[in-house]
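Notes follow once the structure below has been shown.
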Amino acid sequence: HRADIYAAGVVLYEMLTGKPPMRGRFSAPSKKAKVDPSWDVVLFKALEEDVTLRFQNIGEFKQAVEAVQKMYRSDLERQHQRLVKALQETPGDVHVWEQLKQIRDQLNDDEGSILASRRLAGLYRRQNRLAEAILEAQNLMLRLPKGSKGFRDARQINLSLFILMMNRRKGRELDEAA
């Protein structure tokens, strides 16, 4: 059973860092990737060479993983509330919307992520950041059901932005030629 815990630890380590741990000596996950240092403690115990120092059973390992996840989710929810409050004061702040979208993605809040993507596409458009607006509209299209009104609206916005961007490029080329 403890070999299974070690194997599960290897899989979790690789999921968090993108690379398998080297047997015996390996870096803390928080040193290799942007993950909470709480994962270090859990993984060092799961990957302990001495089997008597590993988690006693898979249930104990699962509890440790769930505790870190719960703490991480609580942190994300606090950040989310802080950003929502910031948007009440500055609703057009692109940086706050970008952070909010990222947190909603991490919280698996599809509805919130879609709302943030729509808002970002509009803000980028108003700031003449057309390439970013197009990418955000494409991201939005990927999240929406293909036949939905939201998908069709996002596609239309994307096409309009693309045409606008091409017209601006054409205008610059004409200016340069003159």
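The values are calculated or read from the model by the stated rules, or taken from the named source; none is laboratory data. Because the structure is predicted, anything quoted here is derived from the model rather than measured. Quick reminder, even Gly has a Cβ in these numbers, built from the backbone with ideal geometry, and neighbours come from all protein chains shown. To get the accessible areas, we keep the full protein, side chains included, count just its heavy atoms, and leave off ligands, DNA and RNA. Shrake-Rupley method; radii C 1.70, N 1.55, O 1.52, S 1.80 Å.
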In a Gaussian network model of the chain with springs linking alpha carbons closer than 10 Å, the residue among Leu16, Leu120, Leu130 that fluctuates most is Leu16
Taking Cα atoms, the helix 2-17 axis meets the longest principal axis of the chain at an angle in degrees (rounded to 10) of 20 degrees
Given Cβ charges of +1 for Lys and Arg and -1 for Asp and Glu, the option among His80, Met166, Gln106 whose Cα lies farthest towards the positive end of the dipole of region 47-178 is Met166
Helix 94-106 sits off the longest principal axis of the Cα atoms of the chain, rounded to the nearest 10 on a 0 to 90 degree scale, by 40 degrees
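Under the rule a/c < 1.5 gives rounded, and otherwise a/b versus b/c splits prolate from oblate, where does region 26-90 land using the Cα gyration tensor?
Details: a/c = 6.92, a/b = 2.35, b/c = 2.94.
Oblate, since a/c reaches 1.5 and b/c is not below a/b.
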Given unit charges at Cβ for Lys, Arg (+) and Asp, Glu (-), the dipole magnitude of region 126-178 about its Cα centre in debye, nearest 20, is 300 debye
Across Gly122, Gly24, Gly150, the residue with the highest GNM fluctuation in the chain (Cα network, 10 Å cutoff) is Gly24
Answer in debye to the nearest 20: the dipole magnitude of the chain about its Cα centre, from +1 Lys/Arg and -1 Asp/Glu charges placed on Cβ, is 540 debye
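Could you work out the relative contact order of region 5-146, using alpha carbon pairs under 8 angstrom and six or more residues apart, expressed as a whole percent? Don't skip to the answer; put the middle values down first.
On the way: 120 pairs, mean separation 19.6, N = 142.
Across region 5-146, relative contact order equals 14 percent.
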Along the dipole axis of region 1-153 (charges at Cβ: +1 for Lys and Arg, -1 for Asp and Glu; origin at the Cα centre), the most positive-end residue among Leu135, Leu43, Pro21 is Leu135
Region 83-147: Kirkwood hydrodynamic radius (Cα pairs, Å) comes out at 11.9 Å
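In region 39-83, carbon and sulfur make up what percent of the accessible area (probe 1.4 Å)? Kindly include the intermediate steps, with their values, before the conclusion.
On the way: 1610 of 2860 Å².
About 56 percent, which is the carbon plus sulfur part of the accessible surface.
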Options (1) 9, 25, 22, 20, 15, 7, 2, 0; (2) 9, 26, 26, 19, 13, 7, 2; (3) 13, 40, 26, 14, 6, 1 for P(r) over Cα pairs in 10 Å bins from 0, in percent; the value derived from the coordinates is listed as (1)
Given a 1.4 Å probe, the accessible area of region 41-178 per residue, as a whole number of Å², is 65 Å²
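Suppose we take every Cα in region 107-178 and form the convex hull; what volume per residue is that in Å³? List each step's numbers first, then the result.
Values: hull volume 5.7 nm³, N = 72.
Enclosed volume per residue, from the Cα hull, is 79 Å³.
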From DSSP H assignment alone, runs of 4+ in the chain each adding -39500 (n - 2.57), the sum over residues rounded to the nearest 500 puts [θ] at 222 nm at -25000 deg cm²/dmol
Between the alpha carbon centres of region 46-60 and region 1-23 the gap in Å comes to 12 Å
Taking Cα atoms only, helix 110-126 is inclined relative to the longest principal axis of the chain by an angle, in degrees rounded to 10, of 40 degrees
Ranked by GNM mean-square fluctuation in the chain (Cα springs under 10 Å), the top entry among Thr90, Thr17, Thr52 is Thr52
